[in-house]
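The values are calculated or read from the model by the stated rules, or taken from the named source; none is laboratory data. Treat the numbers as computed from the prediction; the structure is a model and nothing was measured. Every residue, glycine among them, receives a Cβ derived from its backbone with ideal geometry; neighbour counts consider all protein chains shown.
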Amino acid sequence: MDRCIVLVDAGYLLGAAASLLAGEPSRSRITVDHAALIQGLRERAESDTERPLLRIYWFDGAPDRVPQPEHRRLRVMPRVTVRLGALTRSDGRWAQKGVDAAMHAELTELARNRACSDIVLVTGDGDLLPGMMAAKEHGVAVHLWAVQAADGDYNQSEDLVAEADERRVLDRAWITQAVRPKDLGGVCAPPPAPRPEIAAILSAPLPESALGASERAAEEAEHEPAAAGSHNGTQERAPAAASKGVPTPKDLAIMRAAGAQTAQHPANATLRWSSDRGWVDRPGAVAEPAEAASMPTLAQLTTAEQRWADREEDITTVGGDPYEVGQVFARRWMARLTEQAHLQKLSGMYPRIPHRVDGELLRYAARFGLLAHKDDQIDEHDRYAIRAGFWREIDVRTAAAHAPAGE
């Protein structure tokens, strides 16, 4: 077949790009415009091989092989197929498992089936040498692409370089068309629109009574001398609760331990968020209102047919951005409510989401890789973004319901 195929080892491509642009191979140090990168790979492959592109295979690792947001965006792009290996942590470092084996299998299978005349390999892994040799024996021309090394040396297996039919280097000028170092503030795609909803949630005001108690607790803990009474003659002071916009359950527990939260605990103190593991009433904490406990979940409102349609939409159109995930969940929940009174009750609970709905929201986010790995906790900013997207949709729906007719 007179067409070309590109096999990309994403760990090599993006790790080498990070080394070149940011000085270290951590992919967290770069921002990638995947659409521009795929388009660049396609144009370069068709130009170098003088063959039309059949497909780009993107090989990468993911925790528990759960697609991350970037994989979800990639796999719905035209002519792109994503293959995922495992991403495991050992001694505090992440390592890919099974990616090179998957590339080897795909390379040999494509060549054996004569699916193409030219294969472009973007990798540096010498383990692919047998696959490259087998592909050549089946009459396929193998093109090996390297990412320009930061030190000007090879960042590929020398045996792999020697065996390739054609060799090219993706230099800094080509890489920077789609990749930018984060620490330089560069972005490849248009910057996202400001999201004041996240800032609003982070700065939600603390009720005056709770604020006064928090300040008194911090003041007393700061000036109170150590008291005798323990076996070693000293008593450890309780740490002062940090003064934040909205106290967390930990803040309230600290205030109570410091003596500020006793029988005078303010009834209107607000917790920042309910827990995804369920609401737990602790001494000094505020019990969840009865109307919140009766709030229906999305699962209760969804039919089997809707669940199937939801899953298809998640796979094909939802990119996995945390803010977007919150919006999609809220949109579905509101559209299926049979009693609009629940929506009004929920609006009055801002910024807290009832734990039944909140836990379901975070479990939904897990589908997009945001909570994929059991050893990791979801990033705090992602939590805020998920819930901010949820509240944004609630605000839009509530405002539309109260807008005068004709507007």
Does Arg392 satisfy the criteria of being farther than 27 Å from Ala35 by Cβ, assigned to a helix (DSSP H, G or I) and modelled with pLDDT of 80 or more?
no
Which of the following residues is in a loop (DSSP other than H, G, I, E, B) and over 23 Å from the mean Cα position of the chain (by Cα): Arg44, Arg51?
Arg51
Condition check: at negative phi and more than 22 Å from the chain's Cα centre (by Cα). Does Pro63 satisfy that?
no
Give the residue, chosen from Leu337, Leu370, that is within 18 Å of Val325 (Cα to Cα), in the same structural domain as Thr303 (by TED's automatic domain parsing) and either at pLDDT below 85 or outside any helix (DSSP H, G or I) (or both).
Leu370
Complete set of residues in the range 74-94 that are part of a helix (DSSP H, G or I) and surrounded by 19 or more Cβ atoms within 10 Å (Cβ to Cβ):
Leu74
Enumeration of residues in the range 69-103 that are touching an Asp or Glu at 6+ places or on another chain (Cβ under 7 Å) and over 28 Å from Ala365 (Cα atoms)
Asp100, Met103
Within the range 304-317, is there a residue that is under 25 Å from Arg367 (Cβ atoms), assigned by TED's automatic domain parsing to the domain that holds Trp391, modelled with pLDDT of 85 or more and more than 27 Å from the chain's Cα centre (by Cα)?
yes
Quick check: is even one residue across the range 148-166 touching a residue at least 60 places away in the same chain (Cβ under 8 Å), surrounded by fewer than 17 Cβ atoms within 10 Å (Cβ to Cβ) and more than 30 Å from the chain's Cα centre (by Cα)?
yes
When you check Ala86 against the structure, is it modelled with pLDDT under 90 and aliphatic (A, V, I, L, M), yes or no?
yes
Closer than 16 Å to Val179 by Cα, in contact with a helix residue (DSSP H, G or I) (Cβ under 6 Å, 6 or more places away or on another chain) and modelled with pLDDT of 90 or more - does that describe any residue in the range 39-46?
no
Which pairs have Cβ atoms under 7 Å, sit 6 or more apart or on different chains, and link a residue in the range 4-18 that is over 16 Å from Asp151 (Cα atoms) to one that is basic (Lys, Arg)?
Cys4/Arg51; Ile5/Arg55; Leu14/Arg27
Can you tell me which of Asp60, Asp64 is part of a strand (DSSP E or B) and either crowded, with 17+ Cβ neighbours inside 10 Å or of a type in the set (Asp, Glu) (or both)?
Asp60
Looking for something touching a helix residue (DSSP H, G or I) at 6+ places or on another chain (Cβ under 8 Å), modelled with pLDDT under 85 and either closer than 29 Å to Asp151 by Cα or of a type in the set (Gly, Ala, Ser) (or both) - is there at least one such residue anywhere in the range 54-61?
no
